[in-house]
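No value in this document is a laboratory result; all are computed from the given coordinates. Here the structure is a predicted model, which is why all the values come from computation and not from measurement. A quick note on method: Cβ atoms are made from the backbone with ideal geometry, for glycine too, and the neighbour counts reach across all protein chains shown.
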Amino acid sequence: MIQFSSSIARISQHGRALRRATWISALSAISLLSGCAGVDGQKNAGYGLGGYSAASADWRSSNDPIGAFLARSKSGNGLYYGDISHPLAAHMMTQLGVRYRSGGKSPDTGFDCSGLVFYSANQSLGLKLPPRADDMARQGSQVNIKELTVGDLVFFNTMGRKYSHVGVYIGQDQFVHSPASGGVVRVENMNDRYWAKRYTGARRLDLTEVASK
């Protein structure tokens, strides 16, 4: 009887250990999905969801980030995809969730920041931009941050170079980009501390010139 009780106790302890391991694995998986290494390779403590609070980043932790984003309410925290009429910004939003890849220029391989803009500009506007962010910063016309409109290119110094990172503005102080190794194409808030202190300027592409080509 004592031997049987000891066996039961061992099974119970094993079950508890297994449950703990399962929870630890689940929490680790959640951390990997929501964590974000900075584009300069530094860990952004407190910015695991791109600087969003948990309330405004619920869609990004979903298994279906695009579907969850589209389902969000206009009132409060975000944009409907249908609100974005600029072809470049609209196309960028169709790439949400595509993984980051250094040098990548297609959804099949993944994107880096400039590769995403390069691909979307070509697909949506028929425009072949330079492949590097710092060269993209010479295109179009300069825009003051207070005059940003949907579709403007926004630039950041993330690697010690003034225009080392690029995304596209989608309104309400938000931009879409491909962030860093281990990340996916996603939306960020330009007012978040990490991005606000690294912002270096914006450019507006001339769509009338694009249309005439």
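A few comments on the model shown:
- Distant-in-sequence amide H partners of Gly183 (H built 1.01 Å from N, under 5 Å): Tyr100
- Amide N proximity, the stretch 124-150 versus Asp206 label position 7 Å along Cα-to-Cβ, cut-off under 12 Å: 139-142
- Where GluC sites (Glu not before Pro) fall in DSSP loop in the stretch 117-213, at most 12 other Cβ within 10 Å: none
- Cross-link pairs Lys146/Lys197; Lys128/Lys197; Lys105/Lys197 - those with Cα-Cα distance over 23 Å: Lys128/Lys197; Lys105/Lys197
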